[in-house]
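Engineer: Sending over a structure as C-alpha cells; questions will come in a sec.
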Amino acid sequence: MNDDRDEIRRRIDLVDLVSQRVRLKRSGKNYTGLCPFHDDKSPSFYVNPALGRYTCFSCGEKGDVFTWTMKTQGLEFREALQLLADQAGVKLTSYSGPTQDKSEREGWLATMQSALIFYRNELGKSSTAKTYCDNRDIPQSVIDEWELGYAPSVREGLVSQLKRDGHQLVEAERLFLVQGDQQNGYTDKFFGRLMFPIRDDRGDLVGFGGRVLGDGTPKYINSSDTPLYRKSRVLYGFHKARDRMMKERHAVLVEGYLDVIACHRAGVKEAVASLGTSLAEDHAKLLKRFCDKVTILYDADKAGEKAAMRAVEILGEVGLQCRIALMPQGEDPDTLLRQKGAEAVQEAVTKAESPFDFEIRLLESRLGILSDEFWEQIPLVLAKAITELDLERHILRLAGQHPAIPNAQSAAAALRREVNKHRRAAQKGIKNEELPAAPKIKRSASSLQKAEQILLVVWLEPERRPLIKPLIEEQELWQTGTARLLVLALKEASEFDELPEDLQAILLEIDASIPQQERTDEVIKSAEMLLRIELLTTQIRAEEEVLLADPNNQVAAQKRKELTAKRNSLKTHRTGRGN
Ligand code: ZN
C-alpha cells in the first residue's frame, strides 16, 4: 500500500489540489494563501510543492495530499485514499473499497446536469416563476448562487430536453427526473415548481427539490433515494457551508431550502438542512467530521419542538454538542430575514440555549408552572442535568414558585429528593413507570394560602387597591409560589390587562373562589396579620437555628426574644379581632 501512496503523491500535484479551494500565490519556492482551517486575515498558509506538504504558521495545520483531502472533505483515510487513487488513475493493490463504476456515475451526473440547465433556462423564461421570486424577495444574485430553476407546467418539457441531449430516459427515471416506462412513454416528474438543486458534500448534483408556486399540495417534492442520492446522507447547503463549518467547528441546522438560503444571506453561512426527512444518524456523522457544535434552529411550533429534541438525541449520539434556538413564534429564517433583516436571524442563532434549559422551559410553557403535572414531571427532566450547577440553578429558581410547598427551602429539598430518586433508578436501569410515585402534596387551601388569596383579589377592586399596594412591595411576606408569582407581576402592572395571560386566569379563578362575606376590611386586616405572624415565625426559626449552632450567641437570643414578643402581640390582637 505504501507504493500506492507514493504513486498517488507523485501523480497528484498538491498545489493544484489546494488551488481548488484556496487562492495561492507563488512566493519563492513556496505558494502562500489564506489558511482554510482558521479565520486567516493575512496569508499564513504555505504549500511546498517540492515536498508535497502544506503548513499553516498560525494554526499549525500541516500535512500532505491525504490529510488535505481527509480534512477538507471530511473523509476517513481509506476514503481519501480511494478518492485520490481514482483521480490519479492508480489502481489500489492492497485495498479494494466499494467502487462505483466511474463511467456509470459520470453518466448519471451528466443527466442531472442537463436537467439543471433545463430548469435554469426555464426560470429565465417564466414570468410566473420570476414574479414568485420577486414576491419572496429572491433576487437574481441568489437565484444564480443557489442555481434555482423552474420546472414548467408541461408534461414533457424535461423529457424532450433529455432526449435531445441524448440521455437515456430509463436512467432519468432512476434519477427521479421523469416517470413512466419505455412501453407507455415518459413524463416529467416535476412541473409547475421552483426547483432547488441538491448537491452532496463533494458538490456533485445528486437530486432536486421542487416547491409548488401557489397553494397546491404537496408543498414540496424531493428526490427520493436514487443511485446518486441517499437522503439520509445529504444535507442541503452542505457544500457551501463546509468551509465555514470547518473553521468555526460549528453548524446551524434548519428545516428547509429557503431557511438555508435565508441564513446564508444573513451571514449565517454554516447553515444546512435535512430535507423531506428527519435528521438521520448518517447526517449526524457527516456533521461530526466538520464540527463539534450544532445549533438547531427550527420553527417554534409543536412539530419543531419535537424535531429539535429528536435532533439533540441523534446529534448527541455521535458526540456533537447541541444548542437549541427556536424561531420567534410564527417566523422562519426566511420570513425573519425579509421582515427584520440579517441581524434578527443572527440574533436567533445566538439566543440558543442548552437542550436541558430548553426542555425545562418547554415543560413550563406547556403545562404551566402551577399545575400538578408540571411538578410531577419536572424531577425527571432535572435528573438529566449534566452539572450540579445546572441542576441547582433550576431547583432554586423553581422552588420559590412551588404552588403547594410555601417554604422555598422545603420545596427545594423535596425536588432534590425526587431528582436523586430518578438518578439512582437510571443508574440501576429501572424504568420511570416502575418507580414509586412521589408523595402527593396536599393542595387543600391552607389558612395561609387562603389569607394570601383574600388579599390578592383586593387588587381587582380599584378603589380598595391602595389597601394592598404596600403589601405587594413586601415580597417576603408572601409564602406560596402562586402568591409570589402574582405579587411580582402586580408590582409591575397598573391594569389587569397588563398582567401575563396565565396570571390573569389564575387571579380570576381565585376571585371566583372567595365569597362576598370574606371581602370585608376586617377579614382583609386579619389576613394580613396572619401573613405577618407566619413571617415572624419563619424569622424566629432562623434565629433558633443560629442559636442551635451557637447557644451563647447573645444577638440571636435577643433578636429571637423581640420577634417572639412581636408575634405574640400580633396573635392576641388578631384573636381579639376574630372574636
Ligand atoms: Zn491556519
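The values are calculated or read from the model by the stated rules, or taken from the named source; none is laboratory data. If you're wondering where the values come from, they're calculated on a predicted model, not measured in any experiment. Reconstructed Cβ throughout: ideal geometry from the backbone, glycine too, with neighbour counts over all protein chains shown.
Engineer: With the requirement that a residue be free of Cβ contacts under 8 Å to residues at least 60 places away in the same chain and among the acidic types (Asp, Glu), what does segment 211-247 give you?
Structural biologist: Asp215, Asp225
Engineer: Quick one: which residue in Val457, Val487 is within 30 Å of Ala412 (Cβ to Cβ) and either touching a Phe, Trp or Tyr at 6+ places or on another chain (Cβ under 7 Å) or polar (S, T, N, Q) (or both)?
Structural biologist: None of the other options fit; the residue is Val487.
Engineer: Next up: Looking at (1) part of a loop (DSSP other than H, G, I, E, B); (2) touching a Gly at 6+ places or on another chain (Cβ under 8 Å), which one does Lys41 not meet, given that it meets all the others?
Structural biologist: The failed condition is (2).
Engineer: Tell me whether segment 199-214 contains one or more residues that are more than 30 Å from Glu76 (Cα to Cα) and outside any strand (DSSP E or B).
Structural biologist: The answer is yes; a qualifying residue exists.
Engineer: Let me ask another. Output the residue which, of all residues in segment 35-60 that are surrounded by fewer than 17 Cβ atoms within 10 Å (Cβ to Cβ) and of a type in the set (A, V, I, L, M, F, W, C), is farthest from the ligand (Cβ to nearest atom).
Structural biologist: Ala50
Engineer: Cβ-Cβ under 6 Å, sequence separation 6+ or interchain: first residue in segment 347-376 and closer than 19 Å to Glu509 by Cα, partner in a helix (DSSP H, G or I) and aromatic (Phe, Trp, Tyr). Which pairs?
Structural biologist: Listed by first residue and then by second, the contacts come to Leu367/Phe374.
Conditions (1) under 19 Å from Gln449 (Cα atoms); (2) loosely packed, with under 15 Cβ neighbours inside 10 Å, marked per residue:
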position	(1), (2)
Pro500	no, yes
Ala505	yes, yes
Ser513	yes, yes
Gln517	yes, yes
Glu528	yes, no
Lys571	yes, yes
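Engineer: Suppose we filter segment 284-301 for residues that are closer than 24 Å to Leu337 by Cβ and either assigned to a helix (DSSP H, G or I) or without any contact (Cβ under 8 Å) to a residue 12 or more places away in the chain (or both); how many remain? Break it down into steps so the answer makes sense when it comes.
Structural biologist: Residues of segment 284-301 that are closer than 24 Å to Leu337 by Cβ, as a first pass: 287, 291, 293-301.
Checking the rest, the ones that are also either assigned to a helix (DSSP H, G or I) or without any contact (Cβ under 8 Å) to a residue 12 or more places away in the chain (or both) come to 287, 301.
Matching residues across segment 284-301 total 2.
Engineer: Using the structure shown, decide if Trp108 is of a type in the set (Phe, Trp, Tyr), within 14 Å of the ligand (Cβ to nearest atom) and either assigned to a helix (DSSP H, G or I) or over 37 Å from the mean Cα position of the chain (by Cα) (or both). It would help to see each step written out before you state the result.
Structural biologist: Working: of a type in the set (Phe, Trp, Tyr): yes; within 14 Å of the ligand (Cβ to nearest atom): no; either assigned to a helix (DSSP H, G or I) or over 37 Å from the mean Cα position of the chain (by Cα) (or both): yes.
In short, no.
Engineer: Here is a list: Leu75, Leu17. Which entry is more than 16 Å from the ligand (Cβ to nearest atom), in contact (Cβ under 8 Å) with a residue 40 or more places away in the chain, within 20 Å of Lys240 (Cα to Cα) and part of a helix (DSSP H, G or I)?
Structural biologist: Leu17
Engineer: Got a sec? Which of Val312, Val318 is over 13 Å from the mean Cα position of the chain (by Cα) and without any contact (Cβ under 8 Å) to a residue 60 or more places away in the chain?
Structural biologist: Being over 13 Å from the mean Cα position of the chain (by Cα) and without any contact (Cβ under 8 Å) to a residue 60 or more places away in the chain holds for just one of Val312, Val318, which is Val318.
Engineer: Now for a separate question. With respect to Glu343, is the statement that it is over 25 Å from the mean Cα position of the chain (by Cα), over 28 Å from Leu507 (Cα atoms) and of a type in the set (Asp, Glu) true?
Structural biologist: So Glu343 fails the test.
Engineer: Let me ask you something else. Could you check segment 61-72 and list, in sequence order, the residues that are under 31 Å from the mean Cα position of the chain (by Cα), within 16 Å of the ligand (Cβ to nearest atom) and of a type in the set (Val, Ile, Thr)?
Structural biologist: Once the filter is applied, which keeps residues that are under 31 Å from the mean Cα position of the chain (by Cα), within 16 Å of the ligand (Cβ to nearest atom) and of a type in the set (Val, Ile, Thr), segment 61-72 yields only Thr72.
Engineer: Does Met327 satisfy the criteria of being assigned to a loop (DSSP other than H, G, I, E, B) and under 16 Å from the mean Cα position of the chain (by Cα)?
Structural biologist: In short, yes.
Engineer: Which of (1) closer than 24 Å to Ala241 by Cβ; (2) touching a residue at least 24 places away in the same chain (Cβ under 8 Å); (3) not in a loop (DSSP other than H, G, I, E, B) is the odd one out, the single condition Arg9 does not satisfy?
Structural biologist: Checking Arg9 against (1) closer than 24 Å to Ala241 by Cβ; (2) touching a residue at least 24 places away in the same chain (Cβ under 8 Å); (3) not in a loop (DSSP other than H, G, I, E, B), the one that fails is (1).
Engineer: Now for a separate question. Criterion first (surrounded by fewer than 17 Cβ atoms within 10 Å (Cβ to Cβ) and either part of a helix (DSSP H, G or I) or more than 16 Å from the ligand (Cβ to nearest atom) (or both)) does Asp86 satisfy it?
Structural biologist: Spelling it out, Asp86 is indeed surrounded by fewer than 17 Cβ atoms within 10 Å (Cβ to Cβ) and either part of a helix (DSSP H, G or I) or more than 16 Å from the ligand (Cβ to nearest atom) (or both).
Engineer: Pick out the one residue from Asp165, Asp201, Asp188 that is farther than 24 Å from His264 by Cβ, buried (at least 16 other Cβ atoms within 10 Å of the Cβ) and in contact with a helix residue (DSSP H, G or I) (Cβ under 6 Å, 6 or more places away or on another chain).
Structural biologist: On the way: Asp165 fails: buried (at least 16 other Cβ atoms within 10 Å of the Cβ); Asp201 fails: farther than 24 Å from His264 by Cβ.
None of the other options fit; the residue is Asp188.
Engineer: Pick from segment 20-34 the residues that are assigned to a strand (DSSP E or B) and surrounded by fewer than 14 Cβ atoms within 10 Å (Cβ to Cβ): which of them is farthest from the ligand (Cβ to nearest atom)?
Structural biologist: Going residue by residue through segment 20-34, those that are assigned to a strand (DSSP E or B) are 25-27, 30-33.
Filter again for surrounded by fewer than 14 Cβ atoms within 10 Å (Cβ to Cβ), leaving 25-27.
On the way: Lys25: 16, Arg26: 19, Ser27: 16 Å.
Checking each candidate, the answer is Arg26.
Engineer: Quick one: which residue in Asp188, Asp137 is modelled with pLDDT under 95, out of contact with any Asp or Glu (no Cβ under 6 Å at 6 or more places or on another chain) and among the acidic types (Asp, Glu)?
Structural biologist: Asp137
Engineer: Name the residue, out of Glu518, Glu534, that is closer than 19 Å to Glu474 by Cα, in a helix (DSSP H, G or I), in contact (Cβ under 8 Å) with a residue 60 or more places away in the chain and of a type in the set (D, E, K, R).
Structural biologist: Of the residues listed, the single one that is closer than 19 Å to Glu474 by Cα, in a helix (DSSP H, G or I), in contact (Cβ under 8 Å) with a residue 60 or more places away in the chain and of a type in the set (D, E, K, R) is Glu534.
Engineer: Can you find a residue in segment 396-417 that is within 24 Å of Met327 (Cα to Cα), at pLDDT below 85 and surrounded by fewer than 18 Cβ atoms within 10 Å (Cβ to Cβ)? Walk me through it before giving the result.
Structural biologist: Narrowing segment 396-417 to residues within 24 Å of Met327 (Cα to Cα): none.
The answer is no, given that none of the residues of segment 396-417 is within 24 Å of Met327 (Cα to Cα), at pLDDT below 85 and surrounded by fewer than 18 Cβ atoms within 10 Å (Cβ to Cβ).
Engineer: Next up: Only residues that are in a loop (DSSP other than H, G, I, E, B) and surrounded by fewer than 18 Cβ atoms within 10 Å (Cβ to Cβ): list them for segment 234-252, please.
Structural biologist: Within segment 234-252, the subset in a loop (DSSP other than H, G, I, E, B) is 234-235, 237, 249.
If the condition is that a residue be in a loop (DSSP other than H, G, I, E, B) and surrounded by fewer than 18 Cβ atoms within 10 Å (Cβ to Cβ), then Arg249 is the only one that fits.
Engineer: If I ask for residues that are on the phi > 0 side of the Ramachandran plot and modelled with pLDDT of 90 or more, which ones from segment 194-248 would you list?
Structural biologist: Gly237
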